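Remarks on the structure that follows.
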Amino acid sequence: MECDVLVVGAGPAGAVAALYCSKNGLDTVLVEKNREVGLHAGRRLDSSPDTNFELSKIVKELKLRTEHYVRTSKWFHLPSARFFVLNSEAGEYYFKRGYDENSFERSTVASALDHGCKLLLNTEVKQVRHDDGKDCKVLLQLRRGGETEKAQIIKPKVIIAADGCHSSLHKHLNLKKRVYRVGRIFGVTGEGFSDDGSSEVYFDANAIPGGYFYILTAKSGLSTAAIVMPGEIDLKKRFYAFVSKNMHDRIRHVENEFSGGAVIFKLNRLRRGNVLFVGDAAGLIDPLLGYGMAPAIISSYLAARCCVDAVRGDDLNISSLKRYEKEAEVRFKRVLAYLLRGIFEALDDEDLELVFDMMEEMQRRGVDFDKLSNFDMKSMFKAFSAFCEKLPKSAQLLRIVLKLRMSYGRGM
């Protein structure tokens, strides 16, 4: 069996890649190891910021399903009762994940099938014979009822690896990755945990060290509440203890629980011959707050666009696919995010109270956070330093700076 592009993994990244390729006329095969699309995610809402309106462009072009577009977020520090509200022209999208027919994954895959994509469920990549893109054969293994059936060999012109942070292609191609963090999430999905006009993020360094609690509610009333923390820990007890203390009157009408984990890592290359890595499989999860949907959608869109250009132009030499790697490296520079993740994990509640003080003061002085987010790193640090010199508590910043230095010294 031959095809133009083989997409491995039917999560958000794989679904978008398959849709773009099939919509643009490529013979596309999408393989998923689970028996149904969306089983791996758990039923929940995910959110991702629409930085520079990149997501909006892709969502509109591919007619991707979203549940809400929110321009207001509320940030709370519970121990000090501090909070601030961020209003942004470029807001954040909510996406419904999981096994429902109208989830992001399933609706996107359905659109890809409408454009001729072939879907193979219960199918795993068992072996890859790869000769730097000159010749590529993939051995697929189909499972039915717990038993394996006869293997099938497929010869794709290009492979898009979108099967998560433990991608099978990492193993088959002997790729090495540098692991920075392991994170966990546990939460519940139900109805009406909050108003649908904003997202809510809660910090408490004692109850959730290095992590946070969030609530999202879509226009339909569907709500998700969850804890996100670094490390290999069981979050279920911590979640319900936090809810019992702080949210017992709000987190009701629960329909399902979900849990998961992610590895934040760096690959030396996002391309190996004619294999392009996207989303979680490329290690593109945001290191600071753990956003995964935006990197998944944007990187898979970039990769699929390069695939279409290469196949249409009958230009499948390796140089024609290098453009994806260059575009992704420019788009996903995350040095600052890694630094901020290091300092965030080192902060205690006294530090967090100071951070919230600074954010409130910056808002009172009319700082435009939308414009700050578009600064280059040098300009951002210059503006931040100039502002901090005027703060009455600026001397206390030394404590945070020292923690940043210590975190950076540990390899961040």
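The values are calculated or read from the model by the stated rules, or taken from the named source; none is laboratory data. If you're wondering where the values come from, they're calculated on a predicted model, not measured in any experiment. Here the Cβ is made from the backbone with ideal geometry for all residues, glycine too, and neighbour counts use every protein chain on show.
Taking the range 174-226, which residues are within 19 Å of the chain's Cα centre (by Cα) and at positive phi?
Of everything in the range 174-226, just one residue is within 19 Å of the chain's Cα centre (by Cα) and at positive phi, namely Gly210.
Just name the residue that is surrounded by the most Cβ atoms within 10 Å (Cβ to Cβ) out of those in the range 183-209 that are in contact with a His (Cβ under 8 Å, 6 or more places away or on another chain) and small (Gly, Ala, Ser).
Result: Gly190.
Which numbered condition trips up Lys57, out of (1) touching a residue at least 12 places away in the same chain (Cβ under 8 Å); (2) out of contact with any Ser or Thr (no Cβ under 8 Å at 6 or more places or on another chain)?
The one condition Lys57 does not meet is (1).
Of all residues in the range 210-224, which are buried (at least 23 other Cβ atoms within 10 Å of the Cβ) and over 18 Å from Ala262 (Cα atoms)?
Leu216, Thr217, Leu222, Ser223, Thr224 - these are the residues of the range 210-224 that are buried (at least 23 other Cβ atoms within 10 Å of the Cβ) and over 18 Å from Ala262 (Cα atoms).
Has the range 134-144 got at least one residue that is closer than 26 Å to Phe258 by Cβ and surrounded by fewer than 20 Cβ atoms within 10 Å (Cβ to Cβ)? Show your work before the answer.
Filtering the range 134-144 down to residues closer than 26 Å to Phe258 by Cβ leaves 143.
Then keep just the ones that are surrounded by fewer than 20 Cβ atoms within 10 Å (Cβ to Cβ); that gives 143.
Yes: one or more hits.
In the range 55-64, which residue that is surrounded by 15 or more Cβ atoms within 10 Å (Cβ to Cβ) and assigned to a helix (DSSP H, G or I) is nearest to the chain's Cα centre (by Cα)?
Top of the filtered list is Leu55.
Of all the strands (runs of 3 or more DSSP E) wholly in the range 65-183, which have at least 1 residues that are over 16 Å from Ala10 (Cα atoms) and not assigned by TED's automatic domain parsing to the domain that holds Met359?
68-77, 82-97, 123-130, 136-144, 152-161
Checking Glu89 against (1) of a type outside the set (A, V, I, L, M, F, W, C); (2) at pLDDT 90 or above; (3) surrounded by fewer than 19 Cβ atoms within 10 Å (Cβ to Cβ): exactly one of these is not met. Which one?
(2)
On the given criteria, is Ser167 surrounded by 20 or more Cβ atoms within 10 Å (Cβ to Cβ) and farther than 26 Å from Ile343 by Cα? Walk me through it before giving the result.
Numbers: surrounded by 20 or more Cβ atoms within 10 Å (Cβ to Cβ): yes; farther than 26 Å from Ile343 by Cα: yes.
It is true that Ser167 is surrounded by 20 or more Cβ atoms within 10 Å (Cβ to Cβ) and farther than 26 Å from Ile343 by Cα.
Restricting to strands (runs of 3 or more DSSP E) lying wholly in the range 219-287: which have 3 or more residues that are of a type in the set (Asp, Glu)? Don't jump to the end; show me each part of the working.
On the way: elements: 222-230, 254-267, 275-277.
Answer list for the range 219-287: none.
Considering only residues that are part of a loop (DSSP other than H, G, I, E, B) and of a type in the set (Lys, Arg), look in the range 1-54 and name the one that is farthest from the chain's Cα centre (by Cα).
The initial filter retains those residues of the range 1-54 that are part of a loop (DSSP other than H, G, I, E, B), namely 1, 9-11, 24-27, 32-43, 50.
Subsequent filtering for residues that are of a type in the set (Lys, Arg) retains 33, 35, 43.
Numbers: Lys33: 20, Arg35: 23, Arg43: 16 Å.
Looking at the filtered set, the residue picked out is Arg35.
How about the range 273-289: which of its residues are on the phi > 0 side of the Ramachandran plot and modelled with pLDDT of 90 or more?
Kept after step one, since they are on the phi > 0 side of the Ramachandran plot, are these residues of the range 273-289: 273, 279, 283.
The answer is Gly279, Gly283.
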